[in-house]
Each structure stands twice: as structure tokens, then as C-alpha cells.
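S.K.: Before I ask anything, let me first share the structure, which is written out below as C-alpha cells.
The values are calculated or read from the model by the stated rules, or taken from the named source; none is laboratory data. Quantities reported herein were computed from a predicted structural model and do not represent experimental measurements. In this analysis, Cβ positions are derived from the backbone assuming ideal geometry, glycine residues included, and neighbour counts consider all displayed protein chains.
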Amino acid sequence: MVDKVLVAGAGLAGCEAAWQLAQRGVPVTLLEMKPERMTPAHSSEHFAELVCSNSLRSDQMENAVGLLKEELRLMRSLILRCADEHRVEAGGALAVDREGFSRAVTAAVKSHPLIETKTGEVTEIPPEGPVIIATGPLTTQTLSEAIRAFFGGAEYLNFYDAAAPLVTFESIDMDRAYFASRYGRGGADYINCPMSEEEYEVFHRELSAAQEAKVHGFEDRKVFEGCMPVEVMARRGRDTLRYGPLKPVGLPDPKTGRDPYAVVQLRRDNAAGSIYNLVGFQTHLTFPEQRRVFSMIPALHSAQIVRYGVMHRNTYLDSPRLLNHRYEARREPRVRFAGQLTGVEGYVESTASGLAAGIEAARSILQMPPLDLPRETATGALARYISDETVTHFQPMNVNFGIMAPLEERVRGKKEKNLALSRRALEIIREKISGDETAPAF
Ligand SMILES: Cc1cc2nc3c(=O)[nH]c(=O)nc-3n(C[C@H](O)[C@H](O)[C@H](O)COP(=O)(O)OP(=O)(O)OC[C@H]3O[C@@H](n4cnc5c(N)ncnc54)[C@H](O)[C@@H]3O)c2cc1C
């Protein structure tokens, strides 16, 4: 007898995980609270509901999310199959007919002979047996409390996302920035982006007037009190930022030997040093406005933002301290997590984590060695990013080439480099699945 797996939440991650398990012969109970109870953002009775945009973003191979989708297709993702079948024209992106897509996923899951679906809220982590928790960014309060108790502390679960943008190191203009710590304390860990008075004037004016993102009904304005968005701080006065995150003292510019007028600090976000975050720049601006205004910081004129700043309700784990790269709880590997709850960000990323958690759970139950996708693949890189213990200020993140292992050879041009990374990743996935005896056919 093979163990039955309880999957909590029939969103993108939960449906994908359940499907991968069942396709490998492992029986599943999939427990979803809809339509009995709805989160503030869900409204349809169907599974795999797209709560906002109907776009799964780029489908181009020079884009990391395009690569991730192709990897998922190769690994026979149910979500990708249904998305492709319900595609609507959207240029280079994969957009779907949201209703048709959700109906198709629901029908496939409900008709699978090894998946039993039940309606009801999961309120605890079952004391025994394999389980995958995939209840998403709007996980109910009772279950959130149970998860917190399971990990033994408040600091392990975040209830909202107040995140600053992340940029790639290679896109920072280092001719206009310098490494230093304030007053030379510790190592020269920060990248400092100086501004002259004129540059600060323009930046301050544009930031104060920039457009904020629409507030969705589920968002709780109160959460902003303890963590002020950088644009709100800017509106408080011309110099507020210069006494806050843009404080210039103790950071002399090596080019002039003097403290600049204002300085934006970037802190290293991963051990590889490929990604940096803008310190104190949690923001509620729209994504185009973040691109426009933050590129006025001289060293960031061409910065590639791999993760935009956001402020909204988003329950997610401090995964680097809690999970391993198979999405297993380090303290009790029979309990796995998948989807946005693990700190991956986005529809496709949530799907990828569901797929990986499902495959690894099946292989463990079937007593097979783990698949362990490496950091050279987008799916593996995501899993390794969320479980990377060197990431100290963990924030949910979209897939991007910056978290993947760099190429060994030098390739000129960004597009060519990204295409080379994609080719390498797809080769590895093909090789891995050709050796995966459990890889299911549809
Ligand atoms: C408002 C909002 C808008 C977003 N917009 C986008 C976007 O446009 N593009 C994008 O790429 N990403 C977006 N995201 C981020 C993310 O990609 C989605 O939230 C994605 O759906 C996450 O997938 P998931 O499977 O982890 O969770 P979900 O898709 O949310 O699935 C979780 C499921 O678990 C159920 N559930 C919750 N608690 C319980 C419980 N205790 N017991 C039983 N069932 C439970 C829920 O009803 C839901 O069906 C958005 C997130 C939010 C909150």
C-alpha cells in the first residue's frame, strides 16, 4: 500500500502537486475550502483560479519565465497543458481564457482516478502522514496560526509583503557607485549610489508625485503603519529621505573624498552577490513608476529590476530557515509546502514549486532517489533560492536569470546569454526526465 498524500489548497500549486503525485501512482486527497469559504481575492468555484491578471507572462526563451514555462511543459505540467489549450492572443506572452483554463484544470483533477477532492478548510497540519500545504498567499488565519506553531515561532511566518525592489549586480553602473560601509564599520558590504543636490531635487520631486498601485479590496492599509513606503516618506518633506534611507553621512565618495548630498544604499541579497536590494525602498508605486523613478538614481539608470517593491497581504514562510530545496520542512520532511506560501512569486513560479514538491514527494514515497533539479535550471534555481540559508532578508521573488548558475563560457549580448542559459537548462531537464522512470505520460 502506497501512502495517501493530503494536499491542502487547490490553487495553481496544489492542483499541480496533486496531479504529479497521482500521475506517478500515488493517491491524493485534495482539500479546498472554496466555494464554502472564499479568500478576499478568490471568487470562482473552480480550482486554479487566476486571482488577478490572466497573463502567465512572457513565453520567450530569452526571458526566465519563458524558460520556466518550457521546463514545466517538458515535465508534463497540468497547469501548462491547460494554459496552452486555453491560450488567447497576447503577443509574446502566454495569456489564457481564465474561465476555460480553470474549468479545464478542475475537470482534469476531479476526474483523475487517484485524486479524491473534498471541500473544507484545513485548520491544522495533520499529525502524521505525508502532506503538502499549498494554501497560497491568502491562507486562512487558523491554518496560518497552525503553521506558525508547527515551526515554533512568530518570526517564521510573514503576513504581508513590504518589499523593496531587487536589482541585478551586473546592471548597476559601478562607474557611478562604490562599495563602502557607513563610517567604514565592518566590510565594504554596501553598494552606494551617490546623488548631487540637483539629482536629488529631481528624484525627490518625481518620487513624491509618482503613481501608486491600486489598492485591492483585500489589502489592509493598517499594515503600512510600521513600515513606511519610500514615496510616503518623500512626501513628508524635502529632506526627510536624507535623514532616513538616503542619509549621506559617513559614506565619502572615493572620487571626491567627501560625503555626497544623498546616497542610496544597496545591500547584497544572495551569497553569489548577483542580486542587490535597495535598502529602505519598500514601496507601493506601480511597476512602471518604479522603473521610471528609480532609474533616476544615477548608478541605476539601466538597472534590471528582478523583483519590484510591493506592499500587500501575502502570507509566506521564512523559507531559507525552514525548507530545503525539495520544499520539505527541515524539521519534519513528511510535511512539504508549495506555491506562493514558500516565497516564490507569481502564477508560473507557484506552479513550478507545486510540480517540484509533487514529484519529490512521489519519489520519496515510492522510495526512489530525489530528482534534485540543479541551479542550472529555472525550476531548480527557484527551489534553491527559497531554501538558500545565506539569504538573510528573505522576500518572495519571481524567477530570473540572476538566481541561476552562471554560464561557464563568456557569451556576448544579454539576449544571447539568456538564450544560452535557456538551452543549457532545457538540456538538463531532458536528461533528467529521460532518467525519471516515474515521469508520467498524459
Ligand atoms: C490579489 C492577488 C493578486 C495576484 N496577482 C497576480 C498576477 O496577476 N500574476 C501573478 O503571476 N501572480 C499574482 N499573484 C501572486 C500569486 O501568483 C498568486 O497568488 C497564485 O495564485 C499563487 O498560487 P498558489 O497555488 O500558491 O495559491 P492560490 O492560487 O491562492 O491557491 C490557494 C488555494 O488554497 C485555498 N485555501 C486557502 N486557505 C485554505 C485552507 N485553510 N484550507 C483549504 N483551502 C485553503 C484557497 O481557496 C485557494 O484556492 C497575486 C496574488 C494576490 C494575493
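S.K.: From the set of residues in segment 27-69 that are of a type in the set (Asp, Glu) and touching a Lys or Arg at 6+ places or on another chain (Cβ under 7 Å), which is farthest from the ligand (Cβ to nearest atom)? It would help to see each step written out before you state the result.
M.R.: Within segment 27-69, the subset of a type in the set (Asp, Glu) is 32, 36, 45, 49, 59, 62.
Narrowing the set further to residues that are touching a Lys or Arg at 6+ places or on another chain (Cβ under 7 Å) leaves 45, 59, 62.
Details: Glu45: 10, Asp59: 14, Glu62: 19 Å.
Restricting to residues being of a type in the set (Asp, Glu) and touching a Lys or Arg at 6+ places or on another chain (Cβ under 7 Å), the top hit is Glu62.
S.K.: Would you mention how many residues in segment 141-155 are surrounded by 13 or more Cβ atoms within 10 Å (Cβ to Cβ), of a type outside the set (Ser, Thr, Tyr) and in contact (Cβ under 8 Å) with a residue 12 or more places away in the chain?
M.R.: Going through segment 141-155 one residue at a time, the tally reaches 5.
S.K.: Follow-up question, since we're still on this one. Just checking, how many residues over segment 83-93 are within 14 Å of the ligand (Cβ to nearest atom) and outside any loop (DSSP other than H, G, I, E, B)? Can you show your working first?
M.R.: Applying the first criterion (within 14 Å of the ligand (Cβ to nearest atom)) to segment 83-93 yields 83, 90, 93.
Checking which are outside any loop (DSSP other than H, G, I, E, B) leaves us with 83, 93.
Selection size over segment 83-93: 2.
S.K.: Next question. State yes or no: is Ile132 assigned by TED's automatic domain parsing to the domain that holds Leu382, under 22 Å from the mean Cα position of the chain (by Cα) and in a helix (DSSP H, G or I)?
M.R.: Details: assigned by TED's automatic domain parsing to the domain that holds Leu382: yes; under 22 Å from the mean Cα position of the chain (by Cα): yes; in a helix (DSSP H, G or I): no.
It is false that Ile132 is assigned by TED's automatic domain parsing to the domain that holds Leu382, under 22 Å from the mean Cα position of the chain (by Cα) and in a helix (DSSP H, G or I).
S.K.: Let me ask something else about it. Based on this model, can you work out whether Leu80 counts as modelled with pLDDT of 95 or more and assigned by TED's automatic domain parsing to the domain that holds Ala357? Write out each step before concluding.
M.R.: On the way: modelled with pLDDT of 95 or more: yes; assigned by TED's automatic domain parsing to the domain that holds Ala357: yes.
Against the criterion (modelled with pLDDT of 95 or more and assigned by TED's automatic domain parsing to the domain that holds Ala357), Leu80 qualifies.
S.K.: Take the residues of segment 326-377 that are among the acidic types (Asp, Glu) and under 23 Å from Pro440 (Cβ atoms): which is nearest to the ligand (Cβ to nearest atom)? Break it down stepwise before answering.
M.R.: Going residue by residue through segment 326-377, those that are among the acidic types (Asp, Glu) are 328, 332, 345, 349, 360, 372, 376.
With under 23 Å from Pro440 (Cβ atoms) added as a condition, the list becomes 328, 349, 360, 372.
Numbers: Glu328: 17, Glu349: 7, Glu360: 17, Asp372: 22 Å.
Among them, the one singled out is Glu349.
S.K.: When the residues of segment 24-54 are narrowed to those that are assigned to a loop (DSSP other than H, G, I, E, B) and among the β-branched types (Val, Ile, Thr), which ends up surrounded by the most Cβ atoms within 10 Å (Cβ to Cβ)? Don't jump to the end; show me each part of the working.
M.R.: Step one: list which residues in segment 24-54 are assigned to a loop (DSSP other than H, G, I, E, B), which gives 24-27, 33-54.
Pick out the ones that are also among the β-branched types (Val, Ile, Thr) and you get 26, 39, 51.
Numbers: Val26: 23, Thr39: 19, Val51: 19.
Ranking the qualifying residues of segment 24-54, first place goes to Val26.
S.K.: Please specify each residue of segment 1-23 satisfying the condition of being within 18 Å of the chain's Cα centre (by Cα) and either more than 9 Å from the ligand (Cβ to nearest atom) or part of a helix (DSSP H, G or I) (or both).
M.R.: Within segment 1-23, Leu12, Ala13, Gly14, Glu16, Ala17 qualify.
S.K.: Hey, another quick one. In this structure, does Thr117 turn out to be more than 9 Å from the ligand (Cβ to nearest atom) and either part of a strand (DSSP E or B) or at pLDDT below 95 (or both)? Talk me through it step by step, then tell me what you get.
M.R.: Details: more than 9 Å from the ligand (Cβ to nearest atom): yes; either part of a strand (DSSP E or B) or at pLDDT below 95 (or both): yes.
Yes; evaluated as a whole, the condition is true for this residue.
S.K.: If you check every pair at least six apart or on different chains, which have Cβ atoms under 7 Å apart with a residue in segment 174-188 that is within 22 Å of Ser295 (Cβ to Cβ) first and a residue that is surrounded by fewer than 13 Cβ atoms within 10 Å (Cβ to Cβ) second?
M.R.: Hits for this filter: Tyr178/Pro254; Phe179/Ala188.
S.K.: Here's something else I'd like to know. Please enumerate the residues belonging to segment 285-310 that are assigned to a strand (DSSP E or B), under 14 Å from the mean Cα position of the chain (by Cα) and surrounded by 22 or more Cβ atoms within 10 Å (Cβ to Cβ).
M.R.: Residues of segment 285-310 that are assigned to a strand (DSSP E or B), as a first pass: 285, 305-307, 310.
Checking which are under 14 Å from the mean Cα position of the chain (by Cα) leaves us with 305-307, 310.
Val306, Val310, listed by residue number.
S.K.: Right, something else. Cβ-Cβ below 7 Å, separation at least six or inter-chain, first residue in segment 290-303 and free of Cβ contacts under 8 Å to residues at least 12 places away in the same chain, second of a type outside the set (Asp, Glu) and surrounded by fewer than 17 Cβ atoms within 10 Å (Cβ to Cβ): which pairs?
M.R.: Correct list of pairs: Ser295/His301.
S.K.: So, one more: Being away from the ligand (no atom under 12 Å from the Cβ), buried (at least 23 other Cβ atoms within 10 Å of the Cβ) and farther than 30 Å from Pro440 by Cα narrows it down to one residue among Gly413, Gly380, Gly402; which is it? Give the steps one after another, and end with the answer.
M.R.: Details: Gly413 fails: buried (at least 23 other Cβ atoms within 10 Å of the Cβ); Gly380 fails: farther than 30 Å from Pro440 by Cα.
Selected residue: Gly402, the only one of Gly413, Gly380, Gly402 that is away from the ligand (no atom under 12 Å from the Cβ), buried (at least 23 other Cβ atoms within 10 Å of the Cβ) and farther than 30 Å from Pro440 by Cα.
S.K.: Consider segment 266-282. How many of its residues are among the polar types (S, T, N, Q) and over 16 Å from Glu170 (Cα atoms)?
M.R.: Taking segment 266-282 and keeping what is among the polar types (S, T, N, Q), we get 270, 274, 277, 282.
After this cut, where a residue has to be over 16 Å from Glu170 (Cα atoms) as well, the list is 282.
Qualifying residue count, segment 266-282: 1.
S.K.: May I ask you to list pairs of residues, at least six apart or on different chains, whose Cβ atoms are under 6 Å apart, with the first in segment 426-440 being outside the structural domain of Ala64 (by TED's automatic domain parsing) and surrounded by 15 or more Cβ atoms within 10 Å (Cβ to Cβ) and the second being assigned to a helix (DSSP H, G or I) and modelled with pLDDT of 95 or more?
M.R.: Pro440/Gln23
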